[in-house]
Amino acid sequence: PEVHKVPMISGQGAKYIVAALNAYKAGERKHPTMRGIADSLSDQDMADIAVYYETHGGAKAVAAKPARQPSAQVDALLKKGACVSCHGDNFSKPIDPAYPKIAGQHADYMFVALKAYKTEGAGTIGRSNGVMAGIAKQFTNAELKAMADYIGSLEGELKTVPDSRFH
């Protein structure tokens with residue numbers, strides 16, 4: 001398996017966090033460690049965890065338009081995938097709370113996640129989501145990486161908040 005940063009989840013929407021945990025529990029997202037964690041959580045545990053991370057570290061205002069414009073190539077790819085139509089203004093205002101905020105997410109994590117939607121029939125990798133699978137399969141891995149690099153470079157609401165217990 002590829003090594004990549006774990007996703008930033010502080011500031012992520014609570015409904016998305018619950019949806020992601022349920023996808024791990026159902027095996028729609030294949031990641032053995034996350035599946036084991038999700039399996040041990042009740043619906044109430046998931047709701048509590050999701051609210052904690054949604055508010056963890058305080059809210060951060062993000063502009064409606066990206067501060068940095070994509071290259072012409074990346075702009076064309078983002079339009080082809082219609083990314084903003086679901087992930088919203090500046091990729092930080094999803095049209096449905098069950099969709100993730102993606103601006104500023106670790107680019108290497110996003111690239112692996114996007115590739116996972118193209119993976120079928122593997123035991124420990126892959127993600128099942130009809131919409132995202134259809135979108136991701138339109139692109140080469142190099143194109144997915146270019147989009148992930150751009151979106152990851154944007155300022156977003158996601159962050160990592162150090163825990164004082166681990167200093």
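No lab work stands behind these numbers, since they all come straight from the coordinates. On a predicted model such as this, the values are computed, not experimentally measured, just so you know. Note that we place each Cβ from the backbone using ideal geometry, even for glycine, and neighbour counts take in every protein chain shown.
Across the range 5-51 the C-alpha pair distances fall into 5 Å bins from zero in the proportions 5, 24, 32, 27, 12, 0 percent.
Which whole-angstrom value gives the distance between the alpha carbon centres of the range 10-71 and the range 84-112? That distance is 11 Å. For the peptides 21-29, 150-158, the ranking by mean Cβ contacts within 10 Å, running from highest to lowest, is 150-158, 21-29. Rounded to the nearest 20 debye, the dipole magnitude of the range 1-74 is 420 debye, with +1 charges on Lys and Arg beta carbons, -1 on Asp and Glu beta carbons, and the Cα centre as origin. In the chain, helical runs assigned H by DSSP with n ≥ 4 each contribute -39500 (n - 2.57); averaged across all residues and rounded to the nearest 500, the mean residue ellipticity at 222 nm is -14000 deg cm²/dmol. Measuring nothing but how far apart in sequence close Cα pairs (under 8 Å, 6+ apart) lie, relative to its length, the chain scores a relative contact order of 32 percent. Measuring between alpha carbons in the structure, the pairs from Lys80/Lys115; Lys60/Lys145; Lys30/Lys115 lying more than 19 angstrom apart are Lys60/Lys145. For Gly104, neighbours were defined as the other residues whose beta-carbon sits under 10 Å from its Cβ, and their charges (Lys and Arg +1, Asp and Glu -1) total +1. A simple packing score, the average count of other Cβ atoms within 10 Å per residue, orders the peptides 12-18, 44-50 as 12-18, 44-50, with the highest score first. Computed over the chain, the convex hull of the alpha-carbon atoms projects to a mean area of 10.0 nm².
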